[in-house]
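Single-structure report; data block below.
The values are calculated or read from the model by the stated rules, or taken from the named source; none is laboratory data. Computed from a predicted structure; not experimentally measured. Don't worry about glycine lacking a Cβ; one is built from the backbone with ideal geometry, like all the others, and counts go over all protein chains shown. Side chains included, ligands, DNA and RNA excluded: accessible areas come from the protein's heavy atoms. Shrake-Rupley method; radii C 1.70, N 1.55, O 1.52, S 1.80 Å.
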Amino acid sequence: MNIKSLLLGSAAALAAVSGAHAADAIVAAEPEPLEYVRICDAYGAGYFFIPGTETCLKIGGRVRTEGEWYDAYNPNSHNGTLWHTRAELSVDTATDTEYGPLKTNTVIRWDWNDGNSTSTKLLFANISLGGFLVGKADSQYNSYIGYAGDVINDDVIYDGPYELNQLTYNYDAGNGFTAVISVEDSNSSGSGASYGSSWWSDDKGNHYAPDVVAGAGFKSGAWGFKVVGGYDSIVEEGAIKARVDADFGTFSAFLMGGWNTDGDKLNKYAGTNLDRSACPVNDASKCGWGDWAVWGGVGVPINEKLKWNLQLAYTDSKIFAATTNVKWNPVKNLLIEPEVSYTNFDSVNQDQWAGILRFERSF
């Protein structure tokens, strides 16, 4: 074998080996493109698209801790400092449809009190579409009309039920006129009320008729007027509330009045949040409105970080409640709120002072 033949053979062998190695080489897959979170501003601040979907998601909540002294709802409360801490997590979703936004709202609450008393609650869970809402939310008797004043103890004089299951339709004409009608859970299972004080309840087993709430209102410029009524199908009585709001820039004010169809009875819409000791032993209705109740209040923004609020309320049963507070936001989403309340219970000839100091971070 000559030199030329040896060189050609070696070259052929090297080429064959190199080809075999090239066939066996591992090629890395191309990386999938990264999908960044997209902002969804069609439904307000804080929403973003869930990656890979057309559903918008918003996550929020708050952490609150507060010291409480005495109890505005109980004339016999003489507690020292009672410390209460709460955490809430809210999850909202929204998707555009041919009928308008399809939304959900879910809020879970955790509470801890002195003495290691803890609780967990599904506060809200509802679905809304095209003006309809179904699921758990505050009664439209309260939420539609705007609750009461901008104070913590706003419902010492009972203003209606809060969390309950409902089927609701809200109408907005777009010109300032709005209306609502709601079929609400009567708690007919007898498992306990989601309204009022723990000592009274009009639950009734095997009761099939729901409660009904209806209201209408109009807002133009600085003025707004709303009226709402609720019918308790178990007690077969109800109540009506009417409210006027005005915003003058330098301060805002409201006046709200309520009428009970039977002042000798408590019902879901003219009941009580008070402790049983606030009314005579033989007449629980004295803890309620009687025939009527009235609320009024003002809010004065002192500057962009500080606001003063006052609410006064009085009933036909001669219960007087006054609450004032200062809401201070030293930085964005941080609230420091001291509040003082005074309640006079004429029917038992007692009164009560109470105070709260609240710290709250929302996100």
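Worth a mention:
- Of everything in region 66-83 that is small (Gly, Ala, Ser) and modelled with pLDDT under 95, the residue that is surrounded by the fewest Cβ atoms within 10 Å (Cβ to Cβ) is GLY80.
- The C-beta contact set for region 95-112 (first residue on the phi > 0 side of the Ramachandran plot, second residue among the hydrophobic types (A, V, I, L, M, F, W, C) and in a strand (DSSP E or B), distance under 8 angstrom, 6+ apart or interchain) comprises GLY100/LEU129.
- Single residue of region 49-59 satisfying the filter (surrounded by 15 or more Cβ atoms within 10 Å (Cβ to Cβ) and under 23 Å from the mean Cα position of the chain (by Cα)) that is nearest to GLU337 (Cα to Cα): LYS58
- Taking the criterion of being open to solvent by 30 Å² or more (accessible area, probe 1.4 Å), β-branched (Val, Ile, Thr) and assigned to a strand (DSSP E or B), the residues of region 318-363 that qualify are THR324, VAL326, ILE336, VAL340.
- Region 283-333, subset out of contact with any Asp or Glu (no Cβ under 9 Å at 6 or more places or on another chain) and among the aromatic types (Phe, Trp, Tyr), residue farthest from ARG358 (Cα to Cα): TYR314
- Scan of region 125-137 for residues that are open to solvent by 20 Å² or more (accessible area, probe 1.4 Å) and of a type outside the set (Lys, Arg), ordered by number: ALA125, ILE127, SER128, LEU129, GLY130, GLY131, PHE132, LEU133, VAL134
- Any hit, region 84-107, residues being surrounded by 15 or more Cβ atoms within 10 Å (Cβ to Cβ), among the hydroxyl-bearing types (Ser, Thr, Tyr) and more than 23 Å from the chain's Cα centre (by Cα): no
- Restricting region 43-65 to residues that are assigned to a loop (DSSP other than H, G, I, E, B) and touching a Cys at 6+ places or on another chain (Cβ under 7 Å), the residue that is modelled with the lowest pLDDT: TYR43
- Candidate set: region 146-170, residues that are at pLDDT 95 or above and of a type in the set (A, V, I, L, M, F, W, C); chosen: the one farthest from LEU122 (Cα to Cα): ILE157
- Checking LEU122 against (1) assigned to a loop (DSSP other than H, G, I, E, B); (2) open to solvent by 60 Å² or more (accessible area, probe 1.4 Å); (3) over 15 Å from LYS268 (Cβ atoms), the condition it does not meet: (1)
- Residue match in region 154-170 (condition: small (Gly, Ala, Ser), closer than 30 Å to ASP351 by Cβ and open to solvent by 20 Å² or more (accessible area, probe 1.4 Å)): no
- Of the criteria (1) of a type in the set (D, E, K, R); (2) modelled with pLDDT under 95; (3) surrounded by fewer than 19 Cβ atoms within 10 Å (Cβ to Cβ), which one ASP247 fails: (2)
- Under the condition of being open to solvent by less than 20 Å² (accessible area, probe 1.4 Å) and under 20 Å from ALA173 (Cβ atoms), the residues counted in region 211-228 number 5.
- Filter pass, GLY176 being small (Gly, Ala, Ser), open to solvent by 30 Å² or more (accessible area, probe 1.4 Å) and on the phi > 0 side of the Ramachandran plot: no
- Residue list for region 287-317, restricted to those being out of contact with any strand residue (DSSP E or B) (no Cβ under 7 Å at 6 or more places or on another chain) and crowded, with 22+ Cβ neighbours inside 10 Å: CYS287, SER317
- Residue identified as open to solvent by 50 Å² or more (accessible area, probe 1.4 Å) and either on the phi < 0 side of the Ramachandran plot or among the hydrophobic types (A, V, I, L, M, F, W, C) (or both) among ASP203, ASP262, ASP275: ASP275
- Cβ pairs under 7 Å, 6+ apart, first in region 118-130 and of a type outside the set (A, V, I, L, M), second part of a loop (DSSP other than H, G, I, E, B): GLY130/TYR99
- Looking across ASP159, ASP111, ASP138, one residue alone is in contact with a helix residue (DSSP H, G or I) (Cβ under 9 Å, 6 or more places away or on another chain) and within 28 Å of TRP328 (Cα to Cα). It is ASP159.
- Selection of region 37-54 for residues being among the aliphatic types (A, V, I, L, M) and under 16 Å from PRO101 (Cα atoms) yields ALA42, ALA45, ILE50.
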